[in-house]
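Please read the structure below before turning to the comments.
Quick note: the coordinates plus some simple rules give every number you see, no bench work behind them. Since this is a predicted model, take the numbers as computed values, not measurements. Cβ coordinates were reconstructed from backbone atoms using ideal geometry, including for glycine residues, and neighbour counts include every protein chain displayed.
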Amino acid sequence: MLTRNSALELLKEHVTSESLIKHCMAVEGSMRAYASLYDEDVELWGLTGLLHDIDFDKHPEEHPMHARDYLSNLDLPESSLTAIEEHGKLDLETRDTLISKTLFAVDSLSSFILAYVHVRPDKSFDGIPLKSIKKKFKDKAFARAVNRDLIIKGADDLGVNLDTHMENVIQGIVEWEHELNKMGFSLV
């Protein structure tokens, strides 16, 4: 199977924005956390999260419809390719697989959590209080590009309440940030 290092190199070939690469790594951490909760393949789900925006820099208006072109020759299962395609179909009523539902659910919330960390004085992932995230979530001026309705729909699609979903994503990103630090990376 595709290694994480190879996937990261491929992502960097197609994505030049540092903030987008960090977003992809945050989604990777969120996907890994949910895979662990659901007893799924943590590495595969992480790779799916890492590569989900691979076509965004070059095709922002058509994203993610070109992702399959970049990924089809890799050893990724159809479920991952479909999840990557479906995460950008915002009007899609149902997603048929758990990996697809999860990628959709964590994408916008991962961006929101990163935005929150960037406004913290210490820019730290440690001790992110759910209460503060919920307060910022209600503040429409904060991270205004993040669609709150998509976050709520994602939690609903997974069958978890919003607080639990937020806690899961926070925990996933925090744990992944610690792992990334060991590899010489950071999400901030």
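Would you check which residues across the range 170-188 are within 14 Å of Val27 (Cα to Cα), of a type in the set (S, T, N, Q) and assigned to a helix (DSSP H, G or I) and list them?
The one that is within 14 Å of Val27 (Cα to Cα), of a type in the set (S, T, N, Q) and assigned to a helix (DSSP H, G or I): Gln171.
Each row is one residue, and each column tells you yes or no for (1) more than 10 Å from the chain's Cα centre (by Cα); (2) buried (at least 22 other Cβ atoms within 10 Å of the Cβ); (3) of a type in the set (Lys, Arg).
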site	(1), (2), (3)
Thr16	yes, no, no
Ala35	yes, yes, no
Thr48	no, yes, no
His59	yes, no, no
Ala67	yes, yes, no
Asn73	yes, no, no
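So, of the residues in the range 122-163 that are β-branched (Val, Ile, Thr) and not in a helix (DSSP H, G or I), which turns out to be nearest to Ser100 (Cα to Cα)?
So the first thing to find is which residues in the range 122-163 are β-branched (Val, Ile, Thr), and the list is 128, 133, 146, 151-152, 160.
Pick out the ones that are also not in a helix (DSSP H, G or I) and you get 128, 146, 160.
Working: Ile128: 27, Val146: 19, Val160: 15 Å.
Among residues in the range 122-163 that are β-branched (Val, Ile, Thr) and not in a helix (DSSP H, G or I), the one nearest to Ser100 (Cα to Cα) is Val160.
Looking at the structure I just gave you, is Glu28 under 16 Å from the mean Cα position of the chain (by Cα) and either surrounded by fewer than 23 Cβ atoms within 10 Å (Cβ to Cβ) or small (Gly, Ala, Ser) (or both)? Talk me through it step by step, then tell me what you get.
Working: under 16 Å from the mean Cα position of the chain (by Cα): yes; either surrounded by fewer than 23 Cβ atoms within 10 Å (Cβ to Cβ) or small (Gly, Ala, Ser) (or both): no.
The answer is no for Glu28.
Take the residues in the range 166-188 that are under 20 Å from Ser19 (Cα atoms) and of a type in the set (D, E, K, R), then tell me which one is surrounded by the most Cβ atoms within 10 Å (Cβ to Cβ).
Going through the qualifying residues, I end up with Glu177.
Go through the range 117-146 and report how many residues are farther than 25 Å from Leu37 by Cα and either in contact (Cβ under 8 Å) with a residue 60 or more places away in the chain or among the polar types (S, T, N, Q) (or both).
Residues flagged as farther than 25 Å from Leu37 by Cα and either in contact (Cβ under 8 Å) with a residue 60 or more places away in the chain or among the polar types (S, T, N, Q) (or both) within the range 117-146 amount to 2.
Please go through the range 1-21 and pick out each residue that is touching a helix residue (DSSP H, G or I) at 6+ places or on another chain (Cβ under 7 Å) and under 17 Å from Glu177 (Cα atoms).
Arg4, Leu8, Ile21
Of the residues Ser124, Ser132, Ser111, which is within 23 Å of Asp163 (Cβ to Cβ) and under 14 Å from the mean Cα position of the chain (by Cα)? Working first, answer last.
On the way: Ser124 fails: under 14 Å from the mean Cα position of the chain (by Cα); Ser132 fails: under 14 Å from the mean Cα position of the chain (by Cα).
So the residue among Ser124, Ser132, Ser111 that is within 23 Å of Asp163 (Cβ to Cβ) and under 14 Å from the mean Cα position of the chain (by Cα) is Ser111.
Given Asp139, Asp163, which one is under 30 Å from Glu43 (Cβ atoms) and exposed (fewer than 14 other Cβ atoms within 10 Å of the Cβ)? Outline the logic, then answer.
Numbers: Asp139 fails: under 30 Å from Glu43 (Cβ atoms).
Answer to the check: Asp163.
What number of residues within the range 18-39 are of a type in the set (S, T, N, Q) and touching a Gly at 6+ places or on another chain (Cβ under 7 Å)? Break it down stepwise before answering.
Start the filter on the range 18-39 by keeping residues that are of a type in the set (S, T, N, Q), which leaves 19, 30, 36.
When the remaining residues are screened for being touching a Gly at 6+ places or on another chain (Cβ under 7 Å), the result is 30.
Residues meeting the conditions: 1.
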